[in-house]
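Chemist: One structure coming up, written as structure tokens, with questions to follow.
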Amino acid sequence: MATAKLTSAFPVRRQDFEFEEVPRYWVNGDAFMTHVFNGMSALFPDGERFFVASVRAVREVVSDPQLQKDIGAFIGQEAMHAKEHEKFNRGAIENGYDLKVLESWTKNFLAVANLPGLNSKRVHLAATVALEHFTGILSAQLLRREDIVESIDESMRSLWMWHCIEENEHKAVAFDTYKLVYGEGPLNYAIRMGTMLLATMLIMVAIHAFVAELLRQDDKLFNGREWMSGMRKLWGKKGMFRQIIPEFVDYFKPDFHPWNHDTEFLLKRYRKRLGFQQH
Ligand SMILES: [Fe+2]
Ligand SMILES: [Fe+2]
């Protein structure tokens, strides 16, 4: 009797974007917001390789065949994101920005994971689960916010929509892997919570430091108006970061699972918009 072939719950999509036509300020013609996104792009290549390495490190003990398939697709998606963001980052360097300094800071932030007490497969995977939650809710927020999507220059919009879709498709893979490998006894729950607090602090420091450095490269570091309006766009009432706080806090609930936040309708809408197949 033929058995149905098991496939991953989401696909790996090969992408090859061109970044020649990207304007200097490609988010709403606004230096601050462009640098928030540039800063995230500088974090991605090494950050996503860290995610992949931490899941791969425990993969052999994952006995669930469906999760094995999904881990394979997760690795494929993250590798593709790292490749495309790396290509964009090279283009930014050619445009006169020194992203090397940001990439070296990213390596320093990631080096925190090698400190005594943090240098273990379990803590690295917990950090990945935490940061995957962060990228998942931030991506969902972007997809929900048509005003932000439309403010991204057309030359960059597809890259970000594609990345946001896939972050939501695979948002539970690291989480499910952690639960399956380590369980959720009090110690493993505490590790997951502790790494979330540490990872959030580091990522927030990183993004704001990256924006400051890129504004410095633009001779706008001490431009008060730029900072005021930029911080309002991040932390004001409709701020991009402020609006994810409730979903961020949900992570601390003992019965939390990433799919408690149903983003399927966003996935359907944006897959259609980018001409991707529905799954
Ligand atoms: Fe990614
Ligand atoms: Fe991811």
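Chemist: If you check every pair at least six apart or on different chains, which have Cβ atoms under 6 Å apart with a residue in segment 70-90 that is more than 12 Å from Glu166 (Cα to Cα) and assigned to a helix (DSSP H, G or I) first and a residue that is of a type in the set (Phe, Trp, Tyr) and more than 8 Å from ligand 1 (Cβ to nearest atom) second?
Modeler: Within 6 Å, the pairs are Glu84/Phe17; Phe88/Phe19.
Chemist: Looking at Asp30, Asp64, which one is in contact with a helix residue (DSSP H, G or I) (Cβ under 7 Å, 6 or more places away or on another chain) and either without any contact (Cβ under 8 Å) to a residue 24 or more places away in the chain or not small (Gly, Ala, Ser) (or both)?
Modeler: Asp64
Chemist: Of the conditions (1) of a type outside the set (S, T, N, Q); (2) modelled with pLDDT under 95; (3) away from ligand 1 (no atom under 16 Å from the Cβ), Glu86 fails just one. Which one is it?
Modeler: (3)
Chemist: Given the residues Glu150, Glu169, which is the only one that is farther than 25 Å from Val205 by Cα and within 14 Å of ligand 2 (Cβ to nearest atom)?
Modeler: Of Glu150, Glu169, the one residue that is farther than 25 Å from Val205 by Cα and within 14 Å of ligand 2 (Cβ to nearest atom) is Glu169.
Chemist: Turning to a different aspect of this structure: Restricting to segment 231-279, name every residue that is among the acidic types (Asp, Glu) and under 20 Å from Glu166 (Cβ atoms).
Modeler: Correct list: Glu247, Asp262, Glu264.
To keep it simple, each residue is scored yes or no on (1) touching an Asp or Glu at 6+ places or on another chain (Cβ under 6 Å); (2) of a type in the set (A, V, I, L, M, F, W, C); (3) over 23 Å from Ala140 (Cα atoms).
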position	(1), (2), (3)
Glu184	no, no, yes
Met193	no, yes, no
Asn223	no, no, yes
Glu226	no, no, yes
Met240	no, yes, no
Phe256	yes, yes, no
Lys268	no, no, no
Lys272	no, no, no
Gly275	no, no, no
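Chemist: Of the residues that sit in segment 187-222 and are part of a helix (DSSP H, G or I) and of a type in the set (Phe, Trp, Tyr), which one is nearest to Phe37 (Cα to Cα)?
Modeler: Top of the filtered list is Phe210.
Chemist: Still on this structure, I have one more. What residue, of Val101, Val112, Val123, Val181, is farther than 24 Å from Ala209 by Cβ, of a type in the set (Val, Ile, Thr) and part of a helix (DSSP H, G or I)?
Modeler: Val181
Chemist: Consider Val211 carefully, then state whether it is surrounded by fewer than 14 Cβ atoms within 10 Å (Cβ to Cβ) and closer than 24 Å to Asn108 by Cβ.
Modeler: No; evaluated as a whole, the condition is false for this residue.
The rows are residues; the columns are (1) assigned to a helix (DSSP H, G or I); (2) farther than 27 Å from Asp147 by Cα; (3) within 16 Å of ligand 1 (Cβ to nearest atom).
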| residue | (1), (2), (3) |
| --- | --- |
| Leu6 | no, yes, no |
| Asp16 | no, no, no |
| Thr34 | yes, no, no |
| Ser41 | yes, no, yes |
| Phe44 | yes, no, yes |
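Chemist: Let me ask another. Quick one: which of Ser104, Ser158, Ser139 is away from ligand 2 (no atom under 15 Å from the Cβ) and modelled with pLDDT of 95 or more?
Modeler: Ser158
Chemist: Out of (1) within 30 Å of Leu221 (Cα to Cα); (2) more than 16 Å from the chain's Cα centre (by Cα); (3) part of a helix (DSSP H, G or I), the odd one out for Gln66 is which?
Modeler: (1)
The values are calculated or read from the model by the stated rules, or taken from the named source; none is laboratory data. Remember, predicted model here, so these are calculated numbers, not experimental data. Heads up, the Cβs are rebuilt from the backbone with ideal geometry, glycines too, and the neighbour counts pull from every protein chain shown.
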